[in-house]
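**Student:** Let me give you the structure first, and then I'll get to my questions.
Coordinate-derived values only; no laboratory data. Nothing here was measured: the structure is a model prediction, and the numbers come from that model. When we count neighbours, we look across all protein chains shown, and the Cβ atoms used for this are built from the backbone with ideal geometry, even at glycine.
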Amino acid sequence: MSRIGRAPITIPAGVTVSVDDDNLVLVKGPKGQLSRKISSDLKITIEDGVISVTRPSDNKTHRSLHGLSRTLINNMVVGVTSGFTKQLEIAGVGYRAAKQGKNLNLSLGYSHPVIIEPPAGITLDAPSPTVITVHGADKELVGAVAANIRAWREPEPYKGKGIRYSYEHIRRKEGKAGAKGKK
């Protein structure tokens, strides 16, 4: 039995969870509402403020879906209560970020500014010119938006310039050795 899949999910106060006949899970909370279709093979039950996911058999597909489905539901519950945040850092001379209304204006060394419009449910913030924070209730969407921002100027290994996650370590490379022995 999956250790992750069999762990119960407690529903915090202020959160409502409903599951329809088609295994569509709807979670409503203070930070919004999220819904996701879970595989119809799995059984999702809600009893006494606890959600449990069970699988019908031990075949490979049911085993692989068991822990995944439980984690997806748990992420929805955590998302509507506390939300998720990704923090990005900008390194490089002249590289900076500024907030324009709800959009994010990035100067990344291109001939034009890069304007990023957040999708519904995501808020972008620039507390300083070199720090960007992405907030939202949907963990998958927060990660995707952060990855799209990072893709505009990925960190390079020689000077470390670019946009990186706050926890990311860039492995630096040594530059050219020079023209030794060349005549």
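**Student:** Report the full-extension gain for the segment residue 54 to residue 172: residue separation times 0.36 nm, less the Cα-Cα distance, to one decimal in nm.
**Tutor:** Working: separation 118, 0.36 × 118 = 42.48 nm, distance 4.66 nm.
Length difference between fully extended and current span is 37.8 nm.
**Student:** Same structure again: Using only DSSP helix segments of four residues or longer, with each worth -39500 (n - 2.57), what per-residue ellipticity at 222 nm results for the chain after dividing by its residue count and rounding to 500? Before the final figure, lay out each step's value.
**Tutor:** On the way: 2 runs with 35 residues, N = 183.
Dividing the helical sum by the residues of the chain leaves -6500 deg cm²/dmol.
**Student:** Apply 1/(1 + (r/R0)^6) to the Cβ-Cβ distance of residue 117 and residue 35, taking R0 = 25 Å, and write down the FRET efficiency to the nearest 0.05.
**Tutor:** Values: r = 23 Å, r/R0 = 0.93.
Rounded to the nearest 0.05, the efficiency is 0.60.
**Student:** Cα gyration tensor of segment 52-99, axes a ≥ b ≥ c as square roots of the eigenvalues: rounded (a/c below 1.5), prolate (a/b > b/c) or oblate?
**Tutor:** Values: a/c = 7.77, a/b = 2.64, b/c = 2.95.
Oblate, since a/c reaches 1.5 and b/c is not below a/b.
**Student:** Just one of (1) 1, 7, 16, 20, 21, 17, 10, 5, 2, 1, 0, 0; (2) 1, 6, 7, 8, 8, 7, 6, 5, 4, 3, 3, 3, 3, 3, 3, 3, 3, 2, 2, 2, 2, 2, 2, 2, 2, 2, 2, 2, 1, 1, 0; (3) 1, 7, 14, 14, 12, 10, 10, 10, 8, 6, 3, 2, 1, 1, 1, 0, 0 is P(r) over Cα pairs in 5 Å bins from 0, in percent as worked out from the coordinates here. Which one is it?
**Tutor:** Evaluating P(r) over Cα pairs in 5 Å bins from 0, in percent on these atoms matches (3).
**Student:** Taking Cα pairs under 8 Å and at least six residues apart, what relative contact order does segment 48-125 come out at, in percent? Please report the intermediate quantities before stating the final value.
**Tutor:** Details: 57 pairs, mean separation 11.9, N = 78.
So the answer I get is 15 percent.
**Student:** Now for a different question. In debye, nearest 20: dipole of the chain around its Cα centre with unit charges on the Cβ of K, R (+) and D, E (-)? Could the numbers behind the result be given before it?
**Tutor:** On the way: 28 positive and 16 negative charges, 293 e Å.
Computed about the Cα centre, the dipole is about 1400 debye.
**Student:** Let me ask something else about it. Would you mind computing Rg(Cα) / (2.2 N^0.38 Å) for segment 84-165, counting N as its residues? All intermediate terms of the calculation are to be shown ahead of the outcome.
**Tutor:** Numbers: Rg = 11.9 Å, N = 82, 2.2 N^0.38 = 11.7 Å.
Normalised by 2.2 N^0.38 Å, the Cα Rg of segment 84-165 equals 1.02.
**Student:** Same structure again: Taking 8 Å as the Cα distance limit and 6 or more residues as the minimum spacing, I'd like the relative contact order of the chain as a percentage. If you can, show how the numbers build up before the last one.
**Tutor:** Numbers: 341 pairs, mean separation 31.7, N = 183.
Relative CO of the chain lands at 17 percent.
**Student:** Running Debye on segment 9-81 with equal point scatterers at the Cα sites and no solvent, what base-10 log of I(q)/I(0) appears at q = 0.16, 0.23 Å⁻¹?
**Tutor:** -0.51, -1.00
**Student:** Could you state the angle between the C-alpha long axis of helix 139-151 and the longest principal axis of the C-alpha atoms of the chain, as a value from 0 to 90 degrees rounded to the nearest 10?
**Tutor:** That works out to roughly 10 degrees.
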